[in-house]
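See below for the structure under consideration.
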Amino acid sequence: MNKLSIYADHSPHAPRFVSNDPDPIRGRLNQAGVRFEQWQAEREIGPEDSPEAILQAYSTDIGRLKREGGYQTVDVVNMWPEHPDREAARRKFLDEHSHAEDEVRFFVNGRGLFSLHIGDEVYEVLCERGDLIGVPAGTPHWFDMGAAPDFTAIRLFNNPEGWVARFTGSDIASRFKRLEQE
């Protein structure tokens, strides 16, 4: 089940707000400028499905998002507990960073924890199957896929080169929860 926890950025153990209800989650994130949606597949998706089949199953929502956001490129990323690059992939985004373009992810299955540092607050967003999150360009954040990642996600890009992480140098991410603590 998805979850939103909002903290003061100096108080990682005392949430100001916690909800598992999609409507308040969407409302709070939208107020902060973050897109949050829940999608349904146009057909059942299984672990054997190809990236092309996955994209086809969500083609209506993908098309709408491409038109609204000007996204040019769409792909599918798949991580599993024995993935040979899982440790390097996890470390790559555990520290606070931002991107020159929006970070848009839809979870076909599995889960991941996005933590967004907006103003003086941290929004921890546990995304699971059916959840789409759109982190605006320039928003400091970090992402944890867990020590044993197990997810498939659709990614949308304006320009894949713009998706390079720009690290802030802050250690704030080390003070907040990891996915395993959810």
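Quick note: the coordinates plus some simple rules give every number you see, no bench work behind them. Here the structure is a predicted model, which is why all the values come from computation and not from measurement. Neighbour counts run over all protein chains shown; Cβ positions are idealised from the backbone, glycine included.
Given the options Gly112, Gly169, Gly33, which has the most mean-square fluctuation in a GNM of the chain, springs set between C-alpha atoms less than 10 angstrom apart? Sorting by GNM fluctuation, first place goes to Gly169. When Ser98, Ser174 are arranged by Cβ crowding within 10 Å, least crowded first, meaning fewest neighbours, the order is Ser174, Ser98. Counted over all Cα-Cα pairs of the stretch 1-93, pairs farther apart than 18 Å make up 67 percent. Take every Cα pair under 8 Å whose residues are at least 6 apart in sequence, average their separation, divide by the length of the stretch 3-164, and the relative contact order is 30 percent.
Among Met1, Met145, Met79, the order by Cβ neighbours within 10 angstrom, fewest to most, reads Met1, Met79, Met145. Between Gln72 and Ala100, the modelled label-to-label distance comes to 1.2 nm, taking each label 7 Å out from Cα in the direction of the beta carbon. Contact order for the stretch 84-182, expressed relative to its length and based on alpha carbon pairs under 8 Å spaced 6+ residues apart, stands at 40 percent. In the stretch 3-164, one over the average inverse separation of all distinct C-alpha pairs is 16.2 Å, which is the Kirkwood hydrodynamic radius. Look at His117, His83 and count the other Cβ atoms within 10 Å of each Cβ; fewest to most, that gives His83, His117.
For a test of the definition: using alpha carbon positions, the gyration tensor, and the 1.5 limit on a/c, classify the stretch 112-173 as rounded, prolate or oblate. Oblate shape, in that a/c is at least 1.5 and b/c is the bigger or equal ratio. Helix 59-69 and the longest principal axis of the C-alpha atoms of the chain enclose an angle of approximately 50°. For the chain, modelled as a GNM whose springs connect Cα atoms under 10 angstrom apart, the maximal fluctuation among His13, His141, His97 occurs at His13. Label point of Ser11 set 7 angstrom out along Cα-Cβ; within the stretch 108-128, amide nitrogens under 20 Å from it belong to 115-125. You can think of it this way: the chain between Glu82 and Gln38 has 13.0 nm of extra reach, that is 0.36 nm per residue less the Cα-Cα gap.
Relative to the longest principal axis of the Cα atoms of the chain, the long axis of helix 22-31 makes an angle of roughly 70 degrees.
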